[in-house]
Structures are given as C-alpha cells and as structure tokens.
2 protein chains.
Amino acid sequence: MKSDKISEAVVRRLPVYLRFLNDLQKREIATVSSQELGQRLDLNPAQIRKDLAYFGDFGRKGIGYDVPYLIEKIRHILKLDQQINVVLVGAGNLGQALSNYNIYLKDTMKITAVFDSYPPKIGTKINTLTVQPMEELASTVREQGIRIGIITVPEQEAQKVADILIGAGIEAILNFAPVILKTPPEIRVHAADFTTDLQSLAYYLHEGKDEEEHGY
Amino acid sequence: MKSDKISEAVVRRLPVYLRFLNDLQKREIATVSSQELGQRLDLNPAQIRKDLAYFGDFGRKGIGYDVPYLIEKIRHILKLDQQINVVLVGAGNLGQALSNYNIYLKDTMKITAVFDSYPPKIGTKINTLTVQPMEELASTVREQGIRIGIITVPEQEAQKVADILIGAGIEAILNFAPVILKTPPEIRVHAADFTTDLQSLAYYLHEGKDEEEHGY
DNA sequence: TAGATTGTTAATCGATTAACAATC
DNA sequence: TAGATTGTTAATCGATTAACAATC
C-alpha cells in the first residue's frame, strides 16, 4: 500500500515499534515477525503489518522483518535520522526532570535550550544547559534551528508561552500544562498532562467500600 | 441512554471536561452548553452530549448543563468524590517533580508514599514524604489503602516494580518508564512515556532541508 | 409563544481484524 | 516442496457526527 493520510493512531504506534526493535537489536536478534511483535507489544499482528505497509514493503514473505533495516526505515519515517533540536520552557521540577532525559533521547533528539521567566532561575545550570530569559527565546530558536517546544510552566502561563513558541517558528509542542492550548492548525500539539491521566485511571478502580455500582 | 461498557476514549475525555468545568466554577459561571464546551475543548458538541448521556441525564433542554451539578456528577463517575491514595515508586528527578503535583491533585487524589530501591535515597524527604525502602511497600499499601501506583524508575526496573505493585494489591498503574509492562488484564495500565510522545511529534514536522517527501 | 439546547437515533466515517493469495 | 509470513482486500467493529423530536 502506498501513502495516504496516515492516522494519528498509526503514528503513535511507530515509536513503540521502534523502541522494541532497538531492544531486539541490542540482543542481536536479526529478524522479527509481526506475530512476535504483536505478542510483545500486545497488538494485533495484522495491524502491525498494515501500519508498516503504509510506508513501504519492509518485510519479506515467509521470513519477517529485518530488524536493523526496519529500525532504519522507522527512524526515517519519524524524521529521527536527522537531529531534531528541542526547547524546554519552564525550569521547575518537571522541566529539570525532563532535561535529564537527554541521555535517553540519544543523538536523534535533544533539548538544546531551557527558558524560564522567573529571574532567580535565569543563569542557573541544568546539566550542561544554562537557563535563559524568555526574551532570548526567539533568537535562540532561530539560531539553533529548534523545531519542537516542551511546555512545563504552570497552567496560567502555558498559553502565553505557546504563543511565544509559535511566534518564534516552532512547529510542534508537547504540553505538560493542564490546559487546552489555542493554536493554529498547522502546529501539532500533544497533551502530556499527568493529572488527566491519573484521573481517568481512577475510573477503572473497583468500586470503593462506601460506593455502589453506578449503573443507573 | 443508560450504561454500557464505556469506551476508553470517553473516559479520557471526562477529566478534560472536569478541568474546564472547575475553571468555569471559579469564574462563577453557572451554566454551560455542549456548544460552548465543544468550542473551548475543540470537540464536537454532539460528542460531549453523548459522552455525558452515557452516565445519566445531566443537562436541561433549552438551558444546558448546571456547572456545579455536572462537576459533582463527573467527580462521582471518576470516583474522585472519595480520596484515592497513590504510591510513587522511583524518587529520581521525575518522581520528585510529580510529587510536587500533590497540590494540583487537591484533596481528591494524593501521593501518600514514595519508594526507592537505591539506599542513599531512602530516608530523604520529598516535601512532607519520606522515601521508603521497597521492602516496606506491600505493608504501606495495605495500611494506607493505596490503590494506584506511579512508576518512575528506569526502564530496566519497571517490570519488577510493576510486579511488586500488583503483588501488593494495587489496581491501576501509571507507567512513565519506556516499556510495555506485562500485567494481568484486571490491572489498568496507562503509559505516560514522554519519549514516545516526542518521537511521534517529530513525524509531523515539515520536511527538513536535507530530506525529501517520503511518499513512496 | 419563540428560541435554545438536550438526549438519542440514524448516518457516516474510520480503525481494527480476519482471511488469503503471493512468495520467500 | 512444505512451512511461514508478508501485503492487501474484504468484513467487522466501534467511534464520531448529523439531525431532530422533545422540552425547558
């Protein structure tokens, strides 16, 4: 199958495939079938084959997928074969924690600048990065060719920061603040709000002692 | 409409509704229509009405939804009208950052215990909580009636921690480690992996200078 | 009453899964 | 050749959206 508009569900699975494939490679496993992948990732094998087939014929009938080759292909699809620079705004606890993931993101993606508006924070170091004032954001984004922004500021400031990021020419935003950002349609925004996640988890708890089934 | 099995998509939207309703309440707005909600949350009004109607008739025709009443109802559906205690495992940067969200979670949900396996961490304080050794996990979970676990340990340890949490009787897990956990079907697991999020965002970047359209 | 807005049914759209011919 | 596994079409399933009678 050739390209159509690819659904977000498919795109969100690609990094999961990639992660597991990297693991296989580390274990020097050369080949993997959609069945094995599906078993490990708890997905339907047909779905995995279909997902991959959107982008090309990466497998071999009767054999499966060559692990290093598929890694290369998925990295290319996700644009992880070029370096993607990322800016982080909000040098609080969460921001600092995420900065440490630079090691995880390896060479492909990298937080290369950190900003905050709170004067005492400015000039402090987070690992190798120095926290910069917001005024420098636009020029730094331009100079470093930064394309993705991470927002880890309090909810009251999130929209303002998003506007600044967009004004600076960022193309996508990962938003950790618990607000729905108003953004133009060409900007991709993913919500990464941990409180929302937790609250929806609570739904699945068994009924508490003092509670009845609410099947009314 | 009365209850059926509610889809996960619906459940994930409920906290988003709740968040905005709380905001309306703070601004002393008494009533809201599905249209206004939809506009603000970037959702189809019919979808919002349908979502809510799964759980009961909460609105009034011609009027809309009473804000405090709907808040109460959604809180009940999500079980946020009882206190839900949460345990966090992994007192690294990310774990510490999340602990600070206790203020956000308000009275309804609360991280009430923090664990780590790294001896120098044990006994240190994160806000009001003292980091405990893993050996105490099961008994603390029991004593405090903890029902949800958050995993913020490195990927190599995540599965082991999940097993311990499940053994201790936890009902749901929010997993920040970049691995697919193997868990029994009655345990609800949400992945909250920030690297996966970032990688799928990269897909939506415009083509880089040195890259062609990959429409093959 | 006229206008607004719900709850719900029916229509549409999209995503997942099953099945199988092609082929390694 | 026999067995395995892909890529893809067709069938199924589920979720979103439109439309509208009921009613505040």
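Find the residue count for segment A:69-117, including only residues that are without any contact (Cβ under 8 Å) to a residue 12 or more places away in the chain and over 17 Å from B:Ala202 (Cβ atoms). Total satisfying the criteria: 4. Taken together, A:Asn93, A:Asn100 contain a single residue that is more than 18 Å from the chain's Cα centre (by Cα), open to solvent by 30 Å² or more (accessible area, probe 1.4 Å) and at pLDDT below 95, which is A:Asn93. Being of a type in the set (D, E, K, R) and in a helix (DSSP H, G or I) is the filter; apply it to segment A:48-95 and report the residue that is farthest from DNA strand D (Cβ to nearest atom). Among residues in segment A:48-95 that are of a type in the set (D, E, K, R) and in a helix (DSSP H, G or I), the one farthest from DNA strand D (Cβ to nearest atom) is A:Arg75. Based on this model, can you work out whether B:Asp193 counts as at pLDDT below 95 and either basic (Lys, Arg) or crowded, with 18+ Cβ neighbours inside 10 Å (or both)? In short, yes.
Can you find even one residue in segment A:70-82 that is within 16 Å of DNA strand C (Cβ to nearest atom), more than 8 Å from chain B (Cβ to nearest Cβ) and crowded, with 16+ Cβ neighbours inside 10 Å? Yes, that holds for at least one residue. Go through the residues of segment B:113-125 one by one and say whether even a single one is within 11 Å of chain A (Cβ to nearest Cβ) and either open to solvent by 40 Å² or more (accessible area, probe 1.4 Å) or touching a Leu at 6+ places or on another chain (Cβ under 6 Å) (or both). So far as segment B:113-125 goes, no, none of its residues is within 11 Å of chain A (Cβ to nearest Cβ) and either open to solvent by 40 Å² or more (accessible area, probe 1.4 Å) or touching a Leu at 6+ places or on another chain (Cβ under 6 Å) (or both).
To keep it simple, each residue is scored yes or no on (1) assigned to a helix (DSSP H, G or I); (2) among the aliphatic types (A, V, I, L, M).
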| residue | (1), (2) |
| --- | --- |
| A:Thr112 | no, no |
| A:Phe115 | no, no |
| A:Ser139 | yes, no |
| A:Ile146 | no, yes |
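Screening segment B:6-36 for residues that are away from DNA strand D (no atom under 11 Å from the Cβ), within 11 Å of chain A (Cβ to nearest Cβ) and open to solvent by less than 30 Å² (accessible area, probe 1.4 Å) and picking the one that is farthest from the chain's Cα centre (by Cα) gives B:Phe20.
Kindly indicate whether any position in segment B:203-216 is modelled with pLDDT of 95 or more, away from chain A (no Cβ under 14 Å) and over 21 Å from B:Val11 (Cβ atoms). Within segment B:203-216, none of the residues are modelled with pLDDT of 95 or more, away from chain A (no Cβ under 14 Å) and over 21 Å from B:Val11 (Cβ atoms).
The values are calculated or read from the model by the stated rules, or taken from the named source; none is laboratory data. Keep in mind that this is a model prediction, so the values were computed, not measured. Ideal geometry is used to build each Cβ from the backbone, glycine not excepted, and the neighbour counts take in all protein chains shown. These area figures cover heavy atoms from the full protein model, side chains too; ligands, DNA and RNA do not enter into them. Shrake-Rupley method; radii C 1.70, N 1.55, O 1.52, S 1.80 Å.
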